[in-house]
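Below: one structure, written as structure tokens.
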Amino acid sequence: MAAAAASWRFEAIGTAWEVVTDEPLPAAVRDAVNAVVDGFDRDWSRFRPDSVVSALADAGGAVAAPADAAAMLEAFASLEAATGGAVNPLVGASLDSLGYDASYSLHDRGARPAPADWRERLTWHDGRLSLSGPGTIDVGALGKGRLVDPVLEVVAAASPGDVVIDAGGDLAVRGRPQRIGLEHPFDTRRAIGVWEVGDAALCASAVNRRSWPSATGTTLHHVLDARTGQPVRAYAATWAVAADAMTADAVATALFFDGGPRLAHEWGVEWVRMTTDGSVEWSAGCRADLFLGADSVER
Amino acid sequence: MIRTALAPRPTRPRRLIGTGAAVTAAAGIALLAGCAPTASEAEEPSTGSTSSSESSSDDTSSEDTSSGGGSTGAGGYADGTYTAEGTYATPESVETISVTVTLQDDVITDVEVTGNPQKRESEEYQGKFIGGIAAVVVGQDIDDIQVSRVAGSSLTSGGFNDAIETIKSEAAA
């Protein structure tokens, strides 16, 4: 076990981050990380009024495409195809309608499907990002992972040795493998397994923390089926390991839907997911160590 | 990984189309006949329920014929054939069905359900991409398993936590 590593914690894009390095990061490196995070937030946060996506929300328009636009929106196109339209970057208004809005009103105004024709409305080419008409872009399906990748790049370039970037549960690891507990979505003191991850990213998604009561007293959460605007009900938690965090994050989102395993297969991503009735599925060859009951079935 | 091979079991029987459609049809009939005034609330499952009974009340077409006086379930519907088109969401897809009910003296004499399942992939097809399944996962205490960190739902930030606290205090007031 190495000597105590240096930990730097901060809050950004709505979650708690921790950056772990062998030695404390110089201020200049922390500044560089902050600049990357802030730039992403100013481009993509629908929670701040001065962001690029907020500027487009009311009436649409065309702007210089933010740096991450093409990579993220192309991944969204793959997610949409894989999930039959359940994942959609214009899902922001659906989240707003359930109360997951810029002011966190958590006031349920009912389910609202996202526009199925988002690829006609939202285009990105020749360095321009265009939205025809009003619409709220929400890149939550993969945005946090997308941001973890450049943060790791900046930190790793300045910090030899082991590095962990932990964006509140979405992780990228360089160097010595980390043993990561897979948090039980219904009991956060417990884990359903351990996954040892080195030189890769593990992204998790679960419905238990960002949840709030609906108008009728049922529970809403932030993982929506864009086709209905309703929170998903079949899966409670997903985990995916990929070479980069955006890919892992995207697959973790897709795994809430039937098409997820196929997309993971195509992208070479290992995964685990847990249904809301407590069963667990995993990918062929998955290296997670799961604490399973005796009745599991290996295919 | 602990993987004990036992007799194979259906992967996810609760997501068979037929099951979902049948349940929804029952809900639709209740709505049409007005004999279950709380049907639309009952359709909303609580978190943690399985998916087969899921039919979204919001998505159900507004063509249902429940009339204002029907809340007692005392009847009073004109004889005839009533049809409601509706969509409902399974967690993975949006399904469209049409329910036609024939009423005579407030008794349902005929029901016809036609579905338009949009689910693309069969269970068998799905199975190619799933390595294994366990009906039960045995959680272990995180303090006992020597992990360096934990991955689950994203930690929430101050803003969200404040909002939840506000809601709780309003609910308690």
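The values are calculated or read from the model by the stated rules, or taken from the named source; none is laboratory data. This one's a predicted model, so the numbers in the text were calculated from it and none came from an experiment. Every residue, glycine among them, receives a Cβ derived from its backbone with ideal geometry; neighbour counts consider all protein chains shown.
Table: residues versus (1) at pLDDT 95 or above; (2) among the hydroxyl-bearing types (Ser, Thr, Tyr).
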{"residue": "A:Val33", "(1), (2)": "yes, no"}
{"residue": "A:Phe47", "(1), (2)": "no, no"}
{"residue": "A:Leu56", "(1), (2)": "yes, no"}
{"residue": "A:Gly60", "(1), (2)": "yes, no"}
{"residue": "A:Ala64", "(1), (2)": "yes, no"}
{"residue": "A:Met72", "(1), (2)": "yes, no"}
{"residue": "A:Ser78", "(1), (2)": "yes, yes"}
Practice prompt. For A:Leu202, state whether it is touching a helix residue (DSSP H, G or I) at 6+ places or on another chain (Cβ under 8 Å), surrounded by 24 or more Cβ atoms within 10 Å (Cβ to Cβ), more than 7 Å from chain B (Cβ to nearest Cβ) and touching a residue at least 40 places away in the same chain (Cβ under 8 Å).
Written response: no
Practice prompt. Go through (1) of a type outside the set (Asp, Glu); (2) assigned to a helix (DSSP H, G or I); (3) over 18 Å from the mean Cα position of the chain (by Cα) and name the single condition A:Ala264 misses.
Written response: (3)
Worksheet item: Got a sec? Which helices (runs of 4 or more DSSP H) wholly within segment A:1-112 have at least 2 residues that are aromatic (Phe, Trp, Tyr) and surrounded by 18 or more Cβ atoms within 10 Å (Cβ to Cβ)?
Response: A:27-44
Practice prompt. Kindly check whether there is at least one residue in segment A:265-282 that is surrounded by fewer than 21 Cβ atoms within 10 Å (Cβ to Cβ), among the aliphatic types (A, V, I, L, M) and within 9 Å of chain B (Cβ to nearest Cβ).
Written response: no
Practice prompt. Check off (1) on the phi > 0 side of the Ramachandran plot; (2) away from chain B (no Cβ under 14 Å) for A:Asn34 and give me the number that stays unchecked.
Written response: (1)
Worksheet item: Among B:Thr114, B:Thr100, B:Thr109, which is the only one that is surrounded by 14 or more Cβ atoms within 10 Å (Cβ to Cβ), in a strand (DSSP E or B) and modelled with pLDDT under 75?
Response: B:Thr100
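Assess whether A:Asp258 counts as being over 24 Å from A:Pro213 (Cα atoms), touching a Pro at 6+ places or on another chain (Cβ under 9 Å) and not small (Gly, Ala, Ser).
Answer is yes for this residue.
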Worksheet item: Which condition breaks for A:His184 when tested against (1) closer than 30 Å to B:Ser169 by Cα; (2) surrounded by fewer than 24 Cβ atoms within 10 Å (Cβ to Cβ)?
Response: (2)
Discussion item. Quick test for you: out of A:Asp258, A:Asp289, pick the one residue that is touching a Ser or Thr at 6+ places or on another chain (Cβ under 9 Å), of a type in the set (D, E, K, R) and at the interface with another protein chain (Cβ under 10 Å from one of its Cβ atoms).
Written reply: A:Asp258
Worksheet item: Could you give every pair whose Cβ atoms fall below 6 Å, whose first residue belongs to segment A:227-246 and is in contact (Cβ under 8 Å) with a residue 60 or more places away in the chain and more than 15 Å from A:Cys286 (Cβ to Cβ), and whose second residue is surrounded by 24 or more Cβ atoms within 10 Å (Cβ to Cβ) and of a type in the set (Ser, Thr, Tyr), counting only separations of at least 6 or pairs across chains?
Response: A:Gly229/A:Ser94
Item to complete: Name the single residue, out of those in segment A:151-167 being of a type in the set (Gly, Ala, Ser) and surrounded by fewer than 24 Cβ atoms within 10 Å (Cβ to Cβ), that is farthest from A:Thr21 (Cα to Cα).
Response: A:Ala157
Fill in: Complete set of residues in segment A:222-261 that are within 14 Å of the chain's Cα centre (by Cα), farther than 22 Å from B:Val137 by Cα and not in a loop (DSSP other than H, G, I, E, B)
A:Leu224, A:Ala242, A:Ala245, A:Met246, A:Thr247, A:Ala248, A:Asp249, A:Ala250
Worksheet entry | Test for A:Val251: is it in contact with a strand residue (DSSP E or B) (Cβ under 8 Å, 6 or more places away or on another chain) and more than 7 Å from chain B (Cβ to nearest Cβ) | yes
Practice prompt. State the number of residues belonging to segment A:19-68 that are within 19 Å of A:Leu152 (Cβ to Cβ) and of a type in the set (Phe, Trp, Tyr).
Written response: 2
Worksheet item: Would a scan of segment A:227-235 turn up a residue that is hydroxyl-bearing (Ser, Thr, Tyr), surrounded by 22 or more Cβ atoms within 10 Å (Cβ to Cβ) and in contact with a helix residue (DSSP H, G or I) (Cβ under 7 Å, 6 or more places away or on another chain)?
Response: no
